[in-house]
1. Net charge around Ala200, counting only other residues with Cβ within less than 14 Å of its Cβ (Lys, Arg = +1; Asp, Glu = -1)?
2. Which cross-chain or sequence-distant (5 or more) residues have an amide H under 5 Å from the amide H of Leu326, H modelled 1.01 Å from N in plane?
3. Using amide H atoms built in the peptide plane, which far-off residues or other-chain residues are under 5 Å from Trp314 H to H?
4. For region 3-188, what's the radius of gyration and Dmax over Cα atoms, in angstrom?
5. Can you check what the net charge comes to around Arg221, using other residues whose Cβ is under 11 Å from the Cβ of Arg221 (Lys, Arg +1; Asp, Glu -1)?
6. So for region 3-188, taking the charge dipole from beta-carbon charges (+1 Lys/Arg, -1 Asp/Glu), which of Thr133, Gln35, Val47 sits furthest toward the positive end?
7. What number comes out for the charge environment of Leu244, summing +1 per Lys or Arg and -1 per Asp or Glu over other residues with Cβ under 11 Å away?
8. Let me have the 222 nm mean residue ellipticity of the chain computed from DSSP H runs of 4+ only, each contributing -39500 (n - 2.57), with the sum over all residues rounded to the nearest 500.
Amino acid sequence: MAEHVLHFHASRPPSRLQAIGLFLRRQRGPIVALQWLIVAVYAVLVVIPAFLPLPPEQAHLWDNLRLFAQFCFWGLWWPGVMIATVALGRVWCGLFCPEGFISERVSAYGRGKALPRWLKWAGWPFVAFVCTTVYGQLVSVYEYPQAALLVLGGSTVAAVVIGLLYGREKRIWCRYLCPASGVFAVLAKIAPLHYKVDRAAWDRYAGDFEPVNCAPLVDVRRMTSAGECHSCGRCAGQRDAVALAWRSPFGEVLDPDNEARTADATTLLFGVLGVATAAFQWTVSPWLLHIKLALAEWLVEHDHFALLSDDVPWWLLTHYPEANDLFTWLDGGLILAYLLLGGGLLGGLLLIGPRLAAAATRSPFHTWQRYALALAPLAAASVILGLSMLTVTHLKAEGFWLGWLPYCRAALLAAGGLGAAALALRVVARAQVGPGRKALAGLAMLWPVGLMCTIWSLVFFVW
Ligand code: SF4
């Protein structure tokens, strides 16, 4: 590749950050080698533990592969990926994800079919996220490697099939169907790092250049959002117009050129803050326990025992007699209802804030979707708090001292809540309406922030 493609103007040496982007572009070989290595480690950790017996009582995560894999996937990887996405953009997707990598590789040899319309529906990431979250809870994906193999392995197989069918050296799976892509897209919107495109410089450029293969199909020239960009670095330096750069974490949501899409807003409110929050807390919810006991009592009194049966296959509901962990049909139905109805109700209650704020400050910029996206800092804090509960469970089991934990949790929740409130107020401040309406919009946006902080405080400090 011509050197000039990879450098900014010779008179202006690239900054350290720009140099990192250019370095990533040059180092495709080592990055691909690293991705193959991750594929191998992922395959070992997802497949082998599913065929191992339950860990003995005295087992530790450093001497038992089942526990080690469980900790790697759910204690480190899952919360770590969320933290990385908020901090650096979707680097996990672009540089490390084995699923996206395999899907892209196999698509080079697949049928390369054009994308059908149904596949491009913007709602798939939300639907896939909700379905995966709910199903994962029903089969206890965080506890049992068989369930992890089914969920993660199933997702990988689907990614391969999509890669074999559609696109050519592209990541159709990641762009349109991956269950995590909706969440990643929301979190990346507030990442302080992004690939910045100078549109004027792009259009001005008259030299030679090689076309970029943007695997997740981003229109690089028009890119204004980090939501779909996988931060792979392949376009760094392209036409002297693309550079890895810092930005304000609020910049994208406040940018009028950036459309606040309904799909992203729905994923944030009903997926990340709604269903996911319900999934994180159903196991400690006294409300669910009371409902379950009352229903079970009623069923026994009325001789309805079918719903109390636990004779259910493990791939439908958690069923591990050796661990004395058996879900009844009643358990399954209640978890399903708690996640879908409870999560939906929570999402609906949160939506009141953005709707009211948008009604008070109505303009093409001040949509409910934009106000919903202003809650992204809170969504990030919420999902990191929820996923790190698994990390905490593992560390507790290993006897680590966690006296600092309540302070960290409170600080993260406060940072998310304050960040969301500050961003929402910045959106309000741009409205061309009187102070009364602005005050109303600001107050309306404090409602979802207060509600989420209350819910997490219940989970961590009251229940
Ligand atoms: S726009 Fe595409 S090619 Fe450029 S960094 Fe993002 S994912 Fe990679």
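1. Numbers: positive: Lys196, Arg199, Arg204, Arg221, Arg222, Arg239; negative: Asp198, Asp203, Asp240, Asp257.
Computed value for this residue: +2.
2. Those lying under 5 Å, H to H, from Leu326 are Tyr320.
3. For Trp314, no residues qualify.
4. Answer for region 3-188, Rg first and Dmax second: 18.7, 65 Å.
5. Net local charge, Arg221 excluded: 0.
6. It is Gln35.
7. Numbers: positive: Arg16, Arg25, Lys196, Arg247; negative: none.
Around Leu244, the surrounding residues sum to +4.
8. On the way: 20 runs with 237 residues, N = 463.
Calculated at 222 nm, the ellipticity per residue is -16000 deg cm²/dmol.
The numbers here are math on the coordinates, done by the rules we state, and not lab data. Predicted model, so just to flag it, every value in this text is computed and none were measured. All Cβ positions, glycine included, derive from the backbone under ideal geometry; neighbour counts span all protein chains shown.
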